[in-house]
Amino acid sequence: MQTIELLVLGSAAAFVLVGATVGAKLLWLARRTRALPETLVGASLFLLSAVAWPLLLIVSAPEPPPGLVLRIGWAGASLAMALGWSGVFLFTWRVFRPGPGWGRWLAGLGISIELAAGLAGVVRAALLVDPLELRVASASGLVLLLGAQAVYLWTALESFRYRALLRRRIPLGLADPLVADRFGLWGFTGVFGFGSIAPAVLAQLSGGDPNSLASHLVVAVCGLLSSAALYVAFLPPVTYIRFVRGRAPSPVPEAAV
Amino acid sequence: MPESAAFEFACSQLETHTSLERLAARGTVRIALKQSGLEARSITPEQMAVVVQRILPAELISRGIDSGEEICQSILAGLRSVASGPVSETPDAVFRRLGGA
């Protein structure tokens, strides 16, 4: 196996491990708080990393699995991706743009597109005469990935905007530097998530090779960075917490009302 | 989305105690909020108190209002009676919980 393929595999394994761990942690938190945001983001991360990615690794292995495994695996991955990215749309709307307005419309549109593309993937898996054709890029797969890129971009923009707000509050003692940093890390998770999908989308739009060396390198690096950002955001080591809080400007005491 | 009670209170007080007209008063408070990274629709009385103490006096002075400090003290005193009202959960509250911080 070439070095670059090992890097891609390592990146996928890191995403599966980190995403599943963080997803499980947030679902555990949701069990206690009964709050919607942690339920949404926890379930989305778990579906994408612990269900969709392992299934995708199986169905796209160099040696194709048996037809039935290919059909079930592809259908499961399509559904898990559609539900996972729909959850991220819902989370971003609910947390950053709650209530009526363009955020609700964007989330509604994104979820509709993702669910339709996911269901189309399930139908393809069930109806295609030759299951090996599932390994060939399709229009529904492209739509699914474009929807994912849209939500990663939206999430990143909202997160960076909010981080900028919180950074201005820190000297006034109105924000925790660690929480501000977490918004930045969540934004970078979106940026690198966008980047890890970009080669597949570009290849399909341009007719290029999604398995080129450059594509694999981008996928591997973005996947690793995305996993690292996700890990530090939601499972920050004590040394990292000290570092972030230590370099922040000292807050002034809050005014009493 | 309507603005918060704390924002409306600070604006009305500024309009009452200065020569600023409604739009100018609201604009002044908005600029102070922007400098503080806060939003008019979600700011609480506690957060507004910090803005009134730390940011607003300089903004008033820059607009030629000499009694800025006194006006700010008056707004601060009045903020105690402003109820927070039903405010939807802010993004920072959600992210604080998600990270366990």
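The values are calculated or read from the model by the stated rules, or taken from the named source; none is laboratory data. Everything quoted here is computed from the prediction, not taken from an experiment. In this analysis, Cβ positions are derived from the backbone assuming ideal geometry, glycine residues included, and neighbour counts consider all displayed protein chains.
If you filter the range A:23-42 down to residues that are of a type in the set (D, E, K, R) and assigned to a helix (DSSP H, G or I), you find that the one that is nearest to the other protein chains (Cβ to nearest Cβ) is A:E38. Taking the criterion of being of a type in the set (F, W, Y) and within 18 Å of A:A13 (Cα to Cα), the only residue of the range A:195-238 that qualifies is A:Y231.
None of B:S4, B:S81, B:S36 is of a type in the set (S, T, Y), buried (at least 16 other Cβ atoms within 10 Å of the Cβ), farther than 30 Å from A:L235 by Cβ and at the interface with chain A (Cβ under 10 Å from one of its Cβ atoms) except B:S36. Cβ-Cβ contacts under 8 Å between residues 6 or more apart (or on different chains), taken from a first residue in the range A:93-111 that is more than 14 Å from chain B (Cβ to nearest Cβ) and within 22 Å of A:L145 (Cβ to Cβ) to a second residue that is outside any loop (DSSP other than H, G, I, E, B) and of a type in the set (S, T, Y), are listed as A:A107/A:T92; A:G110/A:S86; A:I111/A:S86. Taking the criterion of being under 15 Å from B:Q13 (Cβ atoms) and more than 12 Å from the chain's Cα centre (by Cα), would at least one residue in the range B:80-100 satisfy it? Yes, the range B:80-100 contains at least one residue that is under 15 Å from B:Q13 (Cβ atoms) and more than 12 Å from the chain's Cα centre (by Cα).
Against the list (1) within 11 Å of another protein chain (Cβ to nearest Cβ); (2) buried (at least 16 other Cβ atoms within 10 Å of the Cβ); (3) modelled with pLDDT of 95 or more, the condition A:L235 fails is (2). Restricting attention to the range B:60-94 and to residues that are of a type in the set (G, A, S) and in a helix (DSSP H, G or I), the residue that is modelled with the lowest pLDDT turns out to be B:G68. If you go through the range A:129-174 and keep only what is without any contact (Cβ under 8 Å) to a residue 12 or more places away in the chain and buried (at least 16 other Cβ atoms within 10 Å of the Cβ), you end up with A:L165, A:R168, A:R169. In the range A:181-194, the count of residues that are touching a residue at least 60 places away in the same chain (Cβ under 8 Å), within 30 Å of B:V50 (Cα to Cα) and at the interface with another protein chain (Cβ under 8 Å from one of its Cβ atoms) is zero. The number of residues in the range B:10-51 being assigned to a helix (DSSP H, G or I), among the hydrophobic types (A, V, I, L, M, F, W, C) and under 17 Å from A:G173 (Cα atoms) comes to 6. A residue that is within 28 Å of A:R97 (Cβ to Cβ) and over 11 Å from the mean Cα position of the chain (by Cα) cannot be found anywhere in the range B:58-79. When A:V123, A:V88, A:V129 are checked against the criterion of being more than 14 Å from chain B (Cβ to nearest Cβ), of a type in the set (V, I, T) and either outside any helix (DSSP H, G or I) or under 16 Å from the mean Cα position of the chain (by Cα) (or both), a single residue qualifies: A:V129.
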